[in-house]
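Worksheet: one structure, shown below.
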Amino acid sequence: MKPYFFAKGNVFFRGVVLGLFLTLAPNVGFFFSLPLLSASPVCMGTACHAHAFKKLRDPFQKPSLLNDAEDASLGLSLRLNRLEGGKFVVPFQNGLKTVYTLNPSLQFGMKDYFKKNKVPYGVFVAMDPHSGKILALVEHSSKEPRAKHLALRATYPAASIFKLITASAAIEERQVGPETLIENPHRFRSARTTLADAFAASNNNAFAEVALHYLNIKTLIGYATRFQFNQKIPFELPIQVSQIKTEDSRIGLANLAAGFGDVGLSPLHAALIGSAIANNGAMMTPCLIERVVAASGKAIFECKPKVFATAISAQTAAQLRVMMGLTVTKGTAHKAFKSAWKEPALRAIAIGGKTGSLAGDNPPGKVTWFVGMAPLDDPEVVISALIINSGSKVWKVKASNVAKEGFRAYFDSKAKGAFTLARKG
């Protein structure tokens, strides 16, 4: 596994970064056996790399990368519970310290929200679409408290989030726009709707027609590849590849375009898709480590913005944002966001997004998605939210509700002038 974010030739830093399996505290909101920081002379460079990753040939076959005994055998287990300047900081031997990109207020706030609502499975990811910095990475399960890596698994159906790919391909390839009329066949009648209205309503029939009329399976898969499906994503953590499996037929094309294809998607990847649309088509390399600082105070590593993929043109991205705004104002996310004006932090903020829902089997249950951004005219934060309702017919919250709370928490912390550790109760 090649670490994408190391400077070439920096053998010391490679040893530093690859030497430790870091387990983040449960109250922070996620556990990861994470190959990060150690400067131990007994575990450096390639030898340490081999030791760390020899058991990770198929890390998503099990709920965790390493079990507790294996974690303990490494002798290093740290918790993100120290703050400096409003950031999580982990100190290491020889005076090194690592500063993380996470917003503590948002991280803790969303973890508390999941706990309060006792979600069976929930994931929340927030990121800066222009820098790639991860602002929150929260996962929680009341159904399976020891579940790990929920944000990195691509075992969840992409559902109607894939309509973002279909719309991108149709707009970019054939100059279809939000006001283009699309056939909207029903069982007893035929009608037409605009692409924008079909998108806002997540109209499956209309999106199947879009693909059959304007696209083919090769083109649609090509745009999915641009958005990094079937591709490895560079990150400090191993992200499971979001895979597409489909047949080359009209039925296969229609199902894929409408969100019924055999497509897996991880919440972190979903956030990157939203970020590309927010950032005029450019997908930035995501990062969790903001910088590594030596004892002298000099930064020996910094996360710097870097484009690793261009998915679509800026013009196509702008049209997608318009349609994502309609999803919130009158479409499938309207119910969750209609009271947003009551929240002081959201009163003047335009939000856009895309919802999705479908039954999944790993873990089993009804999956709901929301991928969105704000402010819509110049996005500064992108959110990916996933809720799986397993074993119950009653929904306490869906992904759109989670996203609304996430936007509120983000803009509230921004209005207060700092990312603080203030927590309720």
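The values are calculated or read from the model by the stated rules, or taken from the named source; none is laboratory data. Please read all numbers here as calculations on a predicted model, not as lab measurements. Neighbour counts are summed over all protein chains in view; Cβ atoms, including those assigned to glycine, are modelled from backbone coordinates with ideal geometry.
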Return the residues of segment 257-276 that are over 25 Å from Asp378 (Cα atoms) and in contact with a strand residue (DSSP E or B) (Cβ under 7 Å, 6 or more places away or on another chain); say none if nothing qualifies. Gly259, Gly261, Asp262, Val263, Gly264, Leu265
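Please tell me if Gln243 is within 16 Å of the chain's Cα centre (by Cα), surrounded by fewer than 19 Cβ atoms within 10 Å (Cβ to Cβ) and over 27 Å from Asn103 (Cα atoms).
Working: within 16 Å of the chain's Cα centre (by Cα): yes; surrounded by fewer than 19 Cβ atoms within 10 Å (Cβ to Cβ): yes; over 27 Å from Asn103 (Cα atoms): yes.
Taking the combined requirement at face value, the residue satisfies it.
Look at Asn280 and say whether it is without any contact (Cβ under 8 Å) to a residue 24 or more places away in the chain, under 21 Å from the mean Cα position of the chain (by Cα) and not in a helix (DSSP H, G or I). Steps first, please.
Details: without any contact (Cβ under 8 Å) to a residue 24 or more places away in the chain: no; under 21 Å from the mean Cα position of the chain (by Cα): yes; not in a helix (DSSP H, G or I): yes.
So Asn280 does not fit the description; no.
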Give me the pairs: first residue in segment 249-262 and within 20 Å of Ala359 (Cα to Cα), second residue of a type in the set (Lys, Arg), beta-carbon distance under 9 Å, and six or more apart or on different chains, which are they? Ala257/Lys163; Ala258/Lys163; Gly259/Lys163; Gly261/Lys245; Asp262/Lys245
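Out of the residues in segment 389-425 that are of a type in the set (Val, Ile, Thr) and surrounded by 13 or more Cβ atoms within 10 Å (Cβ to Cβ), state the one that is modelled with the lowest pLDDT. Reasoning before the result, please.
So the first thing to find is which residues in segment 389-425 are of a type in the set (Val, Ile, Thr), and the list is 394, 397, 402, 420.
Now drop any that are not surrounded by 13 or more Cβ atoms within 10 Å (Cβ to Cβ), which leaves 397, 402, 420.
Details: Val397: 94, Val402: 98, Thr420: 44.
Out of the qualifying residues, it is Thr420.
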Counted residues, segment 404-416 - those being farther than 13 Å from Gln107 by Cα and of a type in the set (Gly, Ala, Ser): 1
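Select from segment 181-201 the residues that are under 25 Å from Asp248 (Cβ atoms) and out of contact with any Asp or Glu (no Cβ under 6 Å at 6 or more places or on another chain) and list them in ascending order. Give the steps one after another, and end with the answer.
First, pick out the residues of segment 181-201 that are under 25 Å from Asp248 (Cβ atoms): 182-183, 185, 195, 198.
Listed by number, the residues that qualify are Pro185, Leu195, Ala198.
Examine segment 185-199 for a residue that is surrounded by fewer than 16 Cβ atoms within 10 Å (Cβ to Cβ) and either among the polar types (S, T, N, Q) or at pLDDT 95 or above (or both), and state whether such a residue exists. It would help to see each step written out before you state the result.
Taking segment 185-199 first, the residues surrounded by fewer than 16 Cβ atoms within 10 Å (Cβ to Cβ) are 185-192.
Add one more test, that the residue is either among the polar types (S, T, N, Q) or at pLDDT 95 or above (or both), and what stays is 190.
Scanning segment 185-199 turns up at least one residue that is surrounded by fewer than 16 Cβ atoms within 10 Å (Cβ to Cβ) and either among the polar types (S, T, N, Q) or at pLDDT 95 or above (or both).
Look at His130 and say whether it is under 22 Å from the mean Cα position of the chain (by Cα), at pLDDT 95 or above and not charged (D, E, K, R). First the steps, then the outcome.
Numbers: under 22 Å from the mean Cα position of the chain (by Cα): yes; at pLDDT 95 or above: yes; not charged (D, E, K, R): yes.
Yes.
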Tally time: how many residues in segment 304-340 are at pLDDT below 95 and hydrophobic (A, V, I, L, M, F, W, C)? 1
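Which count do you get for residues in segment 153-195 that are at positive phi and part of a helix (DSSP H, G or I)?
Quick first cut of segment 153-195, residues at positive phi only: 159, 175.
Those left that are additionally part of a helix (DSSP H, G or I): 159.
Summing the residues that are at positive phi and part of a helix (DSSP H, G or I) in segment 153-195 gives 1.
Taking the options Asn230, Asn279, name whichever one is buried (at least 17 other Cβ atoms within 10 Å of the Cβ) and at pLDDT 95 or above.
Going through Asn230, Asn279 in turn, the sole match is Asn279.
Would you point out the residue of segment 339-390, among those that are polar (S, T, N, Q) and touching a strand residue (DSSP E or B) at 6+ places or on another chain (Cβ under 8 Å), that is farthest from Gly132 (Cα to Cα)? Can you show your working first?
Pass one, segment 339-390, residues polar (S, T, N, Q): 339, 355, 357, 362, 368, 384, 389-390.
Checking the rest, the ones that are also touching a strand residue (DSSP E or B) at 6+ places or on another chain (Cβ under 8 Å) come to 355, 357, 362, 368, 384, 389-390.
On the way: Thr355: 22, Ser357: 26, Asn362: 28, Thr368: 24, Ser384: 14, Asn389: 30, Ser390: 32 Å.
Once the filter is applied, the top-ranked residue is Ser390.
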Among the numbered criteria (1) surrounded by fewer than 15 Cβ atoms within 10 Å (Cβ to Cβ); (2) within 21 Å of Phe235 (Cα to Cα), which single criterion is violated by Ser266? (1)
Pair list, Cβ under 6 Å, 6 or more apart: segment 205-229 residue in a helix (DSSP H, G or I), other residue at pLDDT below 95 and charged (D, E, K, R): Glu209/Glu183; Tyr214/Arg174; Ile217/Asp248
Return the total of residues in segment 200-223 being in contact with a Pro (Cβ under 8 Å, 6 or more places away or on another chain) and surrounded by fewer than 21 Cβ atoms within 10 Å (Cβ to Cβ). 1
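Working carefully through the options Thr155, Thr166, find the one that is surrounded by fewer than 24 Cβ atoms within 10 Å (Cβ to Cβ), touching a residue at least 40 places away in the same chain (Cβ under 8 Å) and β-branched (Val, Ile, Thr). Write out each step before concluding.
Values: Thr166 fails: surrounded by fewer than 24 Cβ atoms within 10 Å (Cβ to Cβ).
Within the list Thr155, Thr166, the selection yields Thr155.
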